[in-house]
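To start, the structure under review is shown below, and the notes come after it.
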Amino acid sequence: MIEMSRLLAPRLAYFAGVARTEHVTRAAQEMGVPQSTLSRAMVRLEQDLGVDLFARRGRTVSLTPAGRTFLGSVERALAEVRRAAEEVRADADPATGKVAFGFLHTMGAETVPGLLHAFRAGHPRVRFSLVQNYGEAMLERLRAGELDLCLTSPVPDAPDLVARRLDEQKLRLVVPADHRLASRRRIRLAEAADETFVTLEPGYGMRRITDDLCAEAGFRPRIAFEGEEAETLRGLVAAGLGVALLPPPAVPRPGVVELTVTTPRAVREIGVAWLAGHPDTPPVAAFKQFLLSRRGNLLARVRGRAGSRRGTGRAGAGRAGAGRAG
């Protein structure tokens, strides 16, 4: 079937042109090809199919029943090819093209909307296909060609990817408002060695960072709950079910206190990644350059609005939160 498709594909437009005009000379003139080339192509097409598509009377032709059946499918196939060509040209248009952009759920509340707002000030008609996911899942979609760019953490180090560090985000130890450590402003992570932790599931970037920081502090965290969303973890902390290492929230969460970790240095690096050797369309190139220009300033809005350190009171297990952390 693959070989037959290869044989037939170059001749389908010729066939549709002859079928439309029912005249070989006229079709050749309209398509700008020699009449002899067109005639030979139709003969070869019939030979390959093993079916007569035309009844011939000199240079005038008419479709056989088999030819009419074949024409319907050919016209649908050619229309689909035209639609696909128009779509990819539109996606690559510098002014109105499309960017497939992935990012961590924890960046969806403020960081990404702010970035898109700033970018579209200079590119108001560029379209975006937005994907929120955890880091490894986004890298898989990047490799599959489903994403052009993604913001992720940790910054990947892989031979098939190009990644650039853009910013870093301080992590906090989140404890219940009535916790023994809640009166503190700062803490060494080793002081939480005997605490029960709530964390993201294995495979998430924040889980890997949590495990690594605890190991650096000299202990292995005792984990009671594993989840998929940072704000759900804050709800579990507010309910007194453990403590958590998390990036700052977009909006302060009642019922918890967020402590600065002094030792070890508790940060997560945020970077942009793309597939190595993958050519960029103009809109993707423009947005990539925009992101790189924000190096060191990517999270400015979140830093400015992270809110007060202390919650306003005890909360229950809480709502399912604003997003999944990478």
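The values are calculated or read from the model by the stated rules, or taken from the named source; none is laboratory data. Keep in mind that this is a model prediction, so the values were computed, not measured. Note that we place each Cβ from the backbone using ideal geometry, even for glycine, and neighbour counts take in every protein chain shown. What goes into the accessible areas is simple: the full protein's heavy atoms, side chains included, and nothing from ligands, DNA or RNA. Shrake-Rupley method; radii C 1.70, N 1.55, O 1.52, S 1.80 Å.
Observations on the structure shown:
- The order of the peptides 23-30, 66-73, 105-112 by mean Cβ neighbours within 10 Å, most packed first, is 105-112, 23-30, 66-73.
- Pairwise Cα distances in the chain exceed 38 Å in 41 percent of cases.
- Gaussian network model of the chain, springs between alpha carbon atoms under 10 Å - residue of L139, L291, L181 with greatest fluctuation: L181
- Rolling a 1.4 angstrom probe over segment 88-244 with all protein chains present gives an accessible area of which 46% lies on carbon and sulfur atoms.
- Net charge of the neighbourhood of D93, taken over other residues with C-beta under 12 Å away and scored Lys/Arg +1, Asp/Glu -1, is +1.
- Using alpha-carbon coordinates, inclination of helix 111-120 to the longest axis of the chain, degrees: 40
- Highest-first arrangement of 282-289, 265-272, 188-195, where packing means the average Cβ count within 10 Å: 265-272, 282-289, 188-195
- Placing dummy labels 7 Å off each Cα toward the beta-carbon, the span from S73 to E140 is 3.6 nm.
- Mean residue ellipticity, 222 nm, helices only, the chain: the sum of -39500 (n - 2.57) across DSSP H runs of n ≥ 4, divided by residue count and rounded to 500, is -12500 deg cm²/dmol.
- The chain: most fluctuating residue of V243, V43, V162 per GNM, C-alpha cutoff 10 Å: V43
- Using all pairs of distinct alpha-carbon atoms, the Kirkwood hydrodynamic radius of segment 176-298 works out to 16.4 angstrom.
- Accessible area per residue, Å², the chain with all protein chains present, probe 1.4 Å: 50
- A Cβ-based charge dipole, computed about the Cα centre of segment 172-265 with Lys and Arg at +1 and Asp and Glu at -1, lands at about 420 debye.
- Degrees separating the helix 282-293 axis from the principal Cα axis of the chain, which is the longest one: 20
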